[in-house]
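Asker: Have a look at the structure that comes next, please.
The values are calculated or read from the model by the stated rules, or taken from the named source; none is laboratory data. Computed from a predicted structure; not experimentally measured. Positions of Cβ are backbone-derived with ideal geometry, glycine not excepted, and every protein chain shown enters the neighbour counts.
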Amino acid sequence: MVERRMSLGILAHVILILGVLIVAFPIYMTFVASTHTTEAVVQVPMPLLPGPHLIDNYATALSGERTGTGSHASVGHMMLVSLITALVIAIGKIAISLLSAFAIVYFRFPLRMAFFWAIFVTLMLPVEVRIGPTYQVVADLGLLNSYAGLTVPLIASATATFLFRQFFLTVPDELVEAARVDGAGPLRFFKDILVPLSRTSIAALFVIQFIYGWNQYLWPLLVTTEESMYPVVIGIKQMISGGDAQTEWNIVMATAMLAMLPPALVVILMQKWFVKGLVDTEK
């Protein structure tokens, strides 16, 4: 029995290590490419060990002083645009979803469930179906190449509303009665009881929505035409030259490595809250 358990443990560790290597190898190769010259990156075979140009390549990427074709916006500014966009989308989604779920669960008004199902039905519409009309509205309002155009159409979230609604339905009725006896109004009950109870769910949704906002590609590709409003994901795409023009792959890879850092940092710093928000059901 002991030998069997030991063999299963070894097998599990081997599979885990292989999985980590498969996932981590492309990231490692991206890092290696970001430390070499363009000529070294495009040669066959590509170097497998880091080169001596790490500082130069990352400094060039951050400053935007590139010599190749394509976008020359600084990576630092593009990451700032992505950070603002991701924060506005994450915080906006959570705030609107909390309020809408609170209204649906705790207020009795006509067509309450009809409004909920109207929100929920939007999950069945693919992004490609909604993106054309949404772009037309944003263009008519003059919101192209603006933070409002990048964020406002992405703030509404049926998924977050549904999750908060399900969470509020599990809150004991005794808490509602106790708050009513103590003279707490709806907003006081929401602020002092529901929001503190929801903090782990809020943290988990913040991580998910921040990464969602940071990784946006299709929508920013449509509504941004000026380099000053490029998120970093669009910046990477614009740095890749077409035709016979030479792409500075070392700078592209350095930009990709820099673009990975904020989402990874958010996941690492909020990992405990993220896990608790997904599995914790205590009230």
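Asker: Let me spell it out: the conditions are (1) modelled with pLDDT of 90 or more; (2) at positive phi, and Gly183 meets all of them except one. Which number is the exception?
Answerer: Gly183 satisfies every listed condition except (1).
Asker: Can I ask one more? Quick one: is Leu205 assigned to a helix (DSSP H, G or I), surrounded by 12 or more Cβ atoms within 10 Å (Cβ to Cβ), in contact (Cβ under 8 Å) with a residue 12 or more places away in the chain and within 16 Å of the chain's Cα centre (by Cα)?
Answerer: In short, yes.
Asker: Looking at region 145-200, which of its residues are among the small types (Gly, Ala, Ser), touching a Phe, Trp or Tyr at 6+ places or on another chain (Cβ under 8 Å) and part of a helix (DSSP H, G or I)?
Answerer: Correct list: Ala158, Ala179.
Asker: So the check is Cβ under 6 Å with 6+ separation or different chains; which pairs have a first residue in region 55-73 that's of a type in the set (D, E, K, R) and at pLDDT 65 or above and a second one that's surrounded by 20 or more Cβ atoms within 10 Å (Cβ to Cβ) and not in a loop (DSSP other than H, G, I, E, B)?
Answerer: That search, which allows pairs on different chains as well, returns Arg66/Ile251.
Asker: Turning to a different aspect of this structure: Output the residues belonging to region 106-142 that are farther than 20 Å from Thr161 by Cβ and part of a helix (DSSP H, G or I).
Answerer: Within region 106-142, Glu128, Ile131, Gly132, Pro133, Tyr135, Gln136, Val137, Val138, Ala139, Asp140 qualify.
Asker: Only one residue in Ala86, Ala103, Ala59 is touching a Lys or Arg at 6+ places or on another chain (Cβ under 9 Å) and closer than 30 Å to Thr151 by Cα, so which one is that?
Answerer: After ruling out the rest, the residue left standing is Ala103.
Asker: May I ask you to list the residues in region 113-166 that are under 20 Å from the mean Cα position of the chain (by Cα) and of a type in the set (Phe, Trp, Tyr)?
Answerer: Tyr147, Phe162, Phe164
Asker: Moving on. For region 233-254, indicate whether the set of residues that are among the small types (Gly, Ala, Ser) and free of Cβ contacts under 8 Å to residues at least 40 places away in the same chain is non-empty.
Answerer: There is at least one residue in region 233-254 that is among the small types (Gly, Ala, Ser) and free of Cβ contacts under 8 Å to residues at least 40 places away in the same chain.
Asker: Here is a follow-up. Can you pull out every residue in region 117-148 that is at positive phi and touching a residue at least 40 places away in the same chain (Cβ under 8 Å)?
Answerer: Asn145
Asker: Among the residues in region 216-235, are any more than 19 Å from Leu83 (Cα to Cα), surrounded by 18 or more Cβ atoms within 10 Å (Cβ to Cβ) and of a type outside the set (D, E, K, R)?
Answerer: For region 216-235, residues more than 19 Å from Leu83 (Cα to Cα), surrounded by 18 or more Cβ atoms within 10 Å (Cβ to Cβ) and of a type outside the set (D, E, K, R): absent.
Asker: Quick test of your reading of the structure: Asn145 fulfils all but one of (1) under 27 Å from Arg199 (Cα atoms); (2) touching an Asp or Glu at 6+ places or on another chain (Cβ under 7 Å); (3) of a type outside the set (A, V, I, L, M, F, W, C). Name the failing condition by number.
Answerer: For Asn145, the failing item is (1).
Asker: Which of the residues that make up region 33-47 are polar (S, T, N, Q) and crowded, with 16+ Cβ neighbours inside 10 Å?
Answerer: Ser34, Thr35, Thr37, Thr38
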